[in-house]
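Participant: Here it is, the structure in full.
The values are calculated or read from the model by the stated rules, or taken from the named source; none is laboratory data. Everything quoted here is computed from the prediction, not taken from an experiment. No Cβ is skipped: glycine too gets one built from the backbone with ideal geometry, and neighbour counts run over all protein chains shown. These area figures cover heavy atoms from the full protein model, side chains too; ligands, DNA and RNA do not enter into them. Shrake-Rupley method; radii C 1.70, N 1.55, O 1.52, S 1.80 Å.
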Amino acid sequence: MPDSQPQPSHSSSGPPSGSDEAGALLLCGARLTDGRVVDVRLGGGRIEAVGTAGSLGAGSAVSGAPATRVDLGGHLLLPAPAEPHAHGDTALSADFEGPVSYDGQDVQRRATEAALLQLGHGATAVRSHVHVGDVQGLRALAAVLQAGRALRGLVGLTTVAMPRVLTGVAGADGLAILRDAVKMGASVIGGCPDLDPDPTGYVEAVLEIASEQGCPVDLHTDGGDPARLARLAAMAGGLRPGVTLGPCGSLARLPAPAASRAADQLAAAGVTVICLPQGGCGTVDRRGTAPVRLLRAAGVRVAAGSGALRDVSNPVGRGDPLEAAYLLASRYGLRPEEAYDAVSGAARAALGLPEVRVEAGFPAELLAVRGDRLAGVLSLAYSRIVVHRGRVVARTSAVREYCGSAVSGAPDLPRQGRGEPS
């Protein structure tokens, strides 16, 4: 069975069979990032109560129904990550010879498997950019939308429509198909203005349609042209529900004064930047990660995504939000808390999703990872339990064994993922 498929569980708290209604769930003995060990009771898709370990009753405060107990001893409990920059239509295509297939069944299968892979890593919400127009028309979009419907209750999968050209004579078809894509169900308008003969005209067209339809905007740009970035920020300012840009890797290669001015302009416009520390994506040619510390210092909301997932532009992509956070901490100087927020709180905000805290009243979108501190979890995040809408929807278990050596039985050695001695 592929590792991205829901695994059968012998526990009543295993992945759901398709119903959206969540029963009561009691998460026992979980450690929070502030060091407390708590029980967390979930019901109706939300966190009902958080109390010291052993203090909560096993029945739902809303329905009174008995809660299913899940032992989270030895796990750190976190708000679940979200994936703000996926490419479901091209994901998992690197192993196939020739051009990427946009056959509907092929795209749906790849998009489904990719979303499940990302869910297994902890992402309970995924935003997928999908090419529209040209030879594939709306087939790929229809397939990814169908994948999202099939995955409802497991993971929230939304789509960004990406036309290639929107200006000039050739752009007329792109404008028409973009409007059709929104009618079909694409919830965000995107694309890559850098690839259009008239990048400014492309952005103007996207913002106009987004304003008409009340849709967010999520554009690809390398960010290497300060004047173009300044015009984009000026046009985007004030658009509601908002504008997101990524991956902006070339922004890190600009001279420091130019990069600082660009960061200030993006902050003033309220633009969110999605960086891709695990690698780029096929829509922009150059790789590199946006200057996250500079952007954050200027007041720009910075989230982190995975980008390409085993396609021709990144054949070894993992689609793991915790790896993105690890790279932000290990290579780009963020504290572990800041790095994890880039894939959780900031990523959810970029997707227009409500905030999650491990507190009563917040959505039950949670990730439990074996470990006791965030820095360790980002380093060795092997075993994970994912909660979406108040239910356990994915489990990943890892067991490490040392065989054939007396050292493996030596006293006071820590167990895998635990801080206490064996």
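Participant: Would you check if there is a residue in region 108-129 being among the acidic types (Asp, Glu), open to solvent by 10 Å² or more (accessible area, probe 1.4 Å) and more than 30 Å from Ala325 (Cα to Cα)?
Facilitator: No.
Participant: Test each condition in (1) surrounded by fewer than 23 Cβ atoms within 10 Å (Cβ to Cβ); (2) under 29 Å from Ala259 (Cα atoms) for Ala172 and report the one that comes out false.
Facilitator: Looking at each condition in turn, Ala172 falls short on (2).
Participant: I would also like to ask the following. Please count how many residues of region 107-116 are in contact with a helix residue (DSSP H, G or I) (Cβ under 8 Å, 6 or more places away or on another chain) and of a type outside the set (A, V, I, L, M, F, W, C).
Facilitator: Matching residues across region 107-116 total 2.
Participant: Go through region 321-339 and report how many residues are within 19 Å of His121 (Cα to Cα) and either open to solvent by less than 10 Å² (accessible area, probe 1.4 Å) or in a loop (DSSP other than H, G, I, E, B) (or both).
Facilitator: Of the residues in that region, 6 qualify.
Participant: If we scan region 209-220, do we find a residue that is within 24 Å of the chain's Cα centre (by Cα), surrounded by 17 or more Cβ atoms within 10 Å (Cβ to Cβ) and assigned to a helix (DSSP H, G or I)?
Facilitator: yes
Residues are listed down the side, and each one gets a yes or a no for (1) crowded, with 21+ Cβ neighbours inside 10 Å; (2) touching a His at 6+ places or on another chain (Cβ under 7 Å); (3) not in a helix (DSSP H, G or I):
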residue: Leu232; (1), (2), (3): yes, no, no
residue: Leu239; (1), (2), (3): no, no, yes
residue: Leu245; (1), (2), (3): yes, no, yes
residue: Ala252; (1), (2), (3): no, no, no
residue: Pro257; (1), (2), (3): no, no, no
residue: Gln278; (1), (2), (3): yes, no, yes
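Participant: For Arg164, only one of the following conditions fails: (1) in contact with a His (Cβ under 8 Å, 6 or more places away or on another chain); (2) surrounded by fewer than 21 Cβ atoms within 10 Å (Cβ to Cβ); (3) within 23 Å of Ala114 (Cα to Cα). What is its number?
Facilitator: (3)
Participant: Next question, about the same structure. Go through region 280-290 and give me each residue that's of a type in the set (A, V, I, L, M, F, W, C) and either open to solvent by 10 Å² or more (accessible area, probe 1.4 Å) or modelled with pLDDT under 90 (or both).
Facilitator: Result: Cys281, Val284.
Participant: Within region 291-320, can you find the residues that are buried (at least 24 other Cβ atoms within 10 Å of the Cβ), of a type outside the set (A, V, I, L, M) and assigned to a loop (DSSP other than H, G, I, E, B)?
Facilitator: Within region 291-320, Pro291, Gly305, Ser306, Gly317, Gly319 meet the criteria.
Participant: Quick one: what pairs do we get from region 156-176, first residue over 22 Å from Thr221 (Cα atoms) and assigned to a strand (DSSP E or B), second open to solvent by less than 20 Å² (accessible area, probe 1.4 Å) and among the β-branched types (Val, Ile, Thr), C-beta under 6 Å, 6+ apart or different chains?
Facilitator: Pairs found: Leu157/Val126.
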